[in-house]
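Here is the structure we will look at, set down as structure tokens.
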Amino acid sequence: MPTFDFMTLLWWGLPFAAAPVIIHLINLLRHRVVRWPAMEFLLASQRKYRTRILLKQLLLLLLRILAIAGLVLLFAQPRWDRKLGSVLGGNRTRHVVLLDDSYSMGEVFGVGDSSAPPTTTAMSRGRKMVERLLEELAATPGQQEFSLGRLSQLQRTSSGHSNDTAETTSDEQLFDIYAQSITPQNLDSVRTDIQKIRTSATTTEITPGIRTITPIFAGDDGSGVLWLITDLRSNDWLASEDIADALKPLADAGIEIHIVDTATTESDTEFLQNLPRSNLTVERIEMIGGTPVSNVLLPWEVTVRNYSPSPSRQVSLTIREDRLERPGIQIDPIPPGDVATVRFESRFQNTGSHTVEVELPVDRLPLDNSRTAVVEAVDEAEVLLITTSSSQKSRDDDAFYLATALNPGATAATGLRPRIEQPRALTTLELNKFDSVWLLDVPRLDARAIRPLEDYARNGGGVVFFVGPKTDYKSINEFLFRNGDGMFPVPLAGAVDLLKDQQNPNAPDIIAEDHPIVAILSGRRNPFLDAVGVDRYMAVDRSFQAPTGTGLRRLLSLRNKAFFAVEKPFGQGMGVAFLSTAAPTWNSWARNNPSWVVVMLELERHLARLRRENEAVLVGQPITINLQQGIDQVDVDFNLPPEERVVQEVASINQDGNLAVAMRDTFEPGTYKARWQTVSGARRELITAVNINPTEGNLERVSLSELPDSLPGIPFSYDRANDLDPRNENRGGTSLVRPLLLILFIVLVCEQILGYAVSYHRASKKT
């Protein structure tokens with residue numbers, strides 16, 4: 001017999017089918033018999049047709065009862081029972097499980113006892129629900145087909161991150177379990193496969209998974225069930241127009257859609273008692289200095305975010321350098337949704353690759369509690385200084401003062417080694433090996449020198465300009481500023497004197513803007529600032545208006561509001577211009593002023609940092625290594641965490657014409673080692689840290705009131721994983737909605753025809 005999705009509607013609606021009978025009986029009671037001789041003659045003539053008329057009336061009454069009953073059945077959503085459907089040869093029922101395995105599904109909210117480690121997670125709840133579904137399908141005879149796919153795997157393949165191309169990837173490779181009929185004989189085997197599923201380290205999207213599984217239901221005509229098992233995080237569902245669009249073809253085809261919630265709620269009695277409600281995430285770890293140099297203190301900065309509605313407790317941040325633990329740092333309570341930033345220093349004795357790992361104590365989501373950085377320590381970091389001066393040790397030479405600031409000598413170990421060259425070196429040297437490039441009062445540059453300099457900046461390099469009496473400002477405007485398209489930040493109008501302020505003669509000549517590089521000069525009555533005197537500078541063209549959206553930013557201004565130091569992003573790098581000399585020729589800054597050394601070192605670290613930021617890799621993103629054609633061999637071995645398995649990739653020429661190799665299998669956090677050889681036999685190694693996306697640590701959930709608004713026009717049912725028992729649900733079977741709708745239409749047409757036949761009609765007038 002058929003089953004009904006909405007049995008309550010059936011029981012409440014069927015009594016209304018008796019309405020036509022009740023109305024008929026009431027009408028009979030209203031009739032009074034009145035004898036009329038004239039009518040007796042007419043009735044006598046009709047007695048022989050009485051049986052036929054009565055039959056038509058009864059048939060009309062029956063059709064009206066059937067019409068009302070059909071409407072009730074239609075709203076109750078009838079289906080052939082799966083057992084009966086199998087006997088009658090009905091369509092198979094496809095059950096497709098779409099499992100969210102993003103790392104937020106590792107949220108811990110239950111334990112067996114207070115002394116044991118946490119064992120219950122959102123993922124474990126999802127697995128148990130799937131096991132209950134398997135048991136129900138195994139106990140049901142007939143064609144019950146089961147498929148299960150993880151969102152990470154389906155998304156990986158759809159986005160082209162899989163090692164298999166879309167043409168060669170089969171359905172069996174896409175799904176963990178594909179199109180199996182669940183029987184008592186294979187139940188244990190399938191259950192074992194389900195128990196092996198764990199959360200991934202990725203952030204996942206729901207839409208690609210839905211679109212991938214949609215073809216499975218082709219031709220099912222309402223005999224399929226989609227189980228979407230997820231933790232309902234706001235990150236995925238609040239902007240869910242794409243999800244609704246992806247589900248619409250399934251809903252239109254009559255596929256049942258069930259959203260199964262695996263995450264904790266306020267009423268969850270299994271909530272972990274001995275762990276705090278907060279979830280802290282290590283959002284960032286970054287070396288805030290320049291190039292890491294051995295035997296030099298390296299400053300680090302760690303950002304921790306509190307993804308919870310309540311303040312966090314005080315915790316200790318564990319620090320490991322090359323896997324050796326060092327004293328940790330205390331992090332004070334963090335307000336809800338806010339961040340805390342802490343700093344520490346490290347020192348590496350040897351050159352080469354080193355790892356720095358930070359870790360928080362265990363909380364609701366353990367996977368986002370740690371983060372790793374890799375640094376390549378060198379003996380010295382080279383800085384390129386370009387000058388036309390032949391007397392580089394002169395007290396009036398820009399290179400002398402800048403080189404002294406970057407490398408003061410034994411008094412302060414900076415790890416920087418300035419290299420002073422003529423402008424022609426820009427065309428012969430490999431600029432990428434320098435931390436930064438500084439041009440010191442260079443008269444002009446030709447196109448051959450400008451091209452590699454701009455390529456260096458576009459790829460993350462920092463270029464600093466100091467102007468002076470030798471500078472050809474018209475050449476800068478034409479070739480380096482280029483109407484705002486070049487790396488020089490502003491157009492110049494020539495050298496001018498800074499006139500004395502007669503009204504306020506004690507006012508400092510320069511003003512520090514809000515920029516971390518010049519923080520030492522900030523504040524009123526700053527003694528370092530007061531000691532800087534400016535006699536001459538290069539003025540900016542008066543018609544120039546600082547454009548919005550270009551990132552143009554002042555570092556220093558003059559007391560007359562003119563530019564003194566300004567930066568502008570160029571590609572992935574930066575162009576910085578000081579509109580005066582480095583030597584005490586036009587100003588006195590470099591003469592016995594400690595702030596000069598501090599600002600120059602901070603600027604160099606800032607520029608070197610730009611190149612390092614481009615090396616950050618998140619889980620799922622490819623690791624790309626550029627090789628040198630003719631020097632490096634094309635075979636590269638990658639050691640992948642956590643088990644150090646080796647995968648070999650072959651380099652090829654990319655779209656930019658460079659020899660490069662990419663490792664796309666980066667779906668586990670940790671350190672990835674790339675090893676290759678040069679043509680001469682020398683060995684090369686590069687270590688890259690791959691970390692999780694910290695945004696998945698936001699455990700905020702979409703509310704049940706928001707969920708229907710997120711899926712407009714999509715019929716679905718909501719269930720909690722712990723409360724749902726598929727054995728008590730009427731799932732699957734062959735839908736009877738369409739055949740019932742056709743029958744109802746036929747009944748209504750017949751009712752209209754028969755009603756017209758038995759009713760009275762006024763005779764038409766003939767003219």
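The values are calculated or read from the model by the stated rules, or taken from the named source; none is laboratory data. Since the structure is predicted, the reported quantities are computational estimates derived from the model, not experimental observations. Cβ placement follows ideal geometry from the backbone for every residue including glycine, while neighbour counts extend to all protein chains displayed.
Summary table below
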| item | result |
| --- | --- |
| Residue check, Glu602 among the acidic types (Asp, Glu) and closer than 20 Å to Ser436 by Cα | yes |
| Among residues of region 279-338, those that are over 30 Å from Arg417 (Cβ atoms) and among the small types (Gly, Ala, Ser), counted | 6 |
| Subset of region 726-760 that is under 21 Å from Met129 (Cβ atoms) and of a type in the set (Lys, Arg) - its residue that is modelled with the highest pLDDT | Arg727 |
| Odd one out for Arg444, checked against (1) over 42 Å from the mean Cα position of the chain (by Cα); (2) not in a loop (DSSP other than H, G, I, E, B) | (2) |
| Selection from region 521-537 of residues that are surrounded by fewer than 18 Cβ atoms within 10 Å (Cβ to Cβ) and touching a residue at least 12 places away in the same chain (Cβ under 8 Å) | Asn526, Asp530, Ala531, Gly533, Asp535, Arg536 |
| Residue in region 468-485 that is hydrophobic (A, V, I, L, M, F, W, C) and either outside any helix (DSSP H, G or I) or touching a residue at least 60 places away in the same chain (Cβ under 8 Å) (or both) present | no |
| Residue tally, condition buried (at least 16 other Cβ atoms within 10 Å of the Cβ) and part of a loop (DSSP other than H, G, I, E, B), over region 498-516 | 5 |
| Some residue of region 356-368 being modelled with pLDDT under 95, under 25 Å from Val296 (Cβ atoms) and touching a Leu at 6+ places or on another chain (Cβ under 7 Å) | no |
| Subset of region 640-653 [within 26 Å of the chain's Cα centre (by Cα) and surrounded by 13 or more Cβ atoms within 10 Å (Cβ to Cβ)] | Leu640, Pro641 |
| Residues satisfying the stated conditions in region 667-695, i.e. assigned to a strand (DSSP E or B) and of a type in the set (Ser, Thr, Tyr) | Thr671, Tyr672, Thr678, Thr688 |
| Residues located in region 586-609, provided they are crowded, with 18+ Cβ neighbours inside 10 Å and out of contact with any helix residue (DSSP H, G or I) (no Cβ under 8 Å at 6 or more places or on another chain) | Trp586, Asn587, Arg605, Leu607, Ala608, Arg609 |
| Strands (runs of 3 or more DSSP E) contained entirely in region 588-666, each with at least 2 residues that are in contact with a Gly (Cβ under 7 Å, 6 or more places away or on another chain) and among the aromatic types (Phe, Trp, Tyr) | none |
| Neighbours by Cβ (under 7 Å, 6+ apart or cross-chain): first from region 191-219, free of Cβ contacts under 8 Å to residues at least 60 places away in the same chain; second of a type in the set (Val, Ile, Thr) | Asp193/Ile177; Thr207/Ile243 |
| Qualifying residue in region 563-579 (condition: assigned to a loop (DSSP other than H, G, I, E, B) and within 24 Å of Phe400 (Cβ to Cβ)) | yes |
| Subset of region 516-542 (residues that are closer than 16 Å to Pro489 by Cβ and touching a Pro at 6+ places or on another chain (Cβ under 8 Å)) | Val540, Asp541 |
| Helices (runs of 4 or more DSSP H) lying entirely in region 99-217 (those with 2 or more residues that are at pLDDT 85 or above, under 30 Å from Val690 (Cα atoms) and of a type in the set (S, T, N, Q)) | 151-158, 206-213 |
| Single match in Ala539, Ala519, Ala495 (criterion: small (Gly, Ala, Ser) and assigned to a helix (DSSP H, G or I)) | Ala519 |
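Residue-wise test of (1) surrounded by fewer than 17 Cβ atoms within 10 Å (Cβ to Cβ); (2) out of contact with any Asp or Glu (no Cβ under 6 Å at 6 or more places or on another chain); (3) modelled with pLDDT under 90; (4) not hydroxyl-bearing (Ser, Thr, Tyr).
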| site | (1), (2), (3), (4) |
| --- | --- |
| Gln629 | yes, yes, yes, yes |
| Val634 | yes, yes, no, yes |
| Asp637 | yes, yes, no, yes |
| Tyr672 | no, yes, no, no |
| Gly681 | yes, yes, no, yes |
| Leu704 | yes, yes, yes, yes |
| Leu707 | no, yes, yes, yes |
| Leu724 | no, yes, yes, yes |
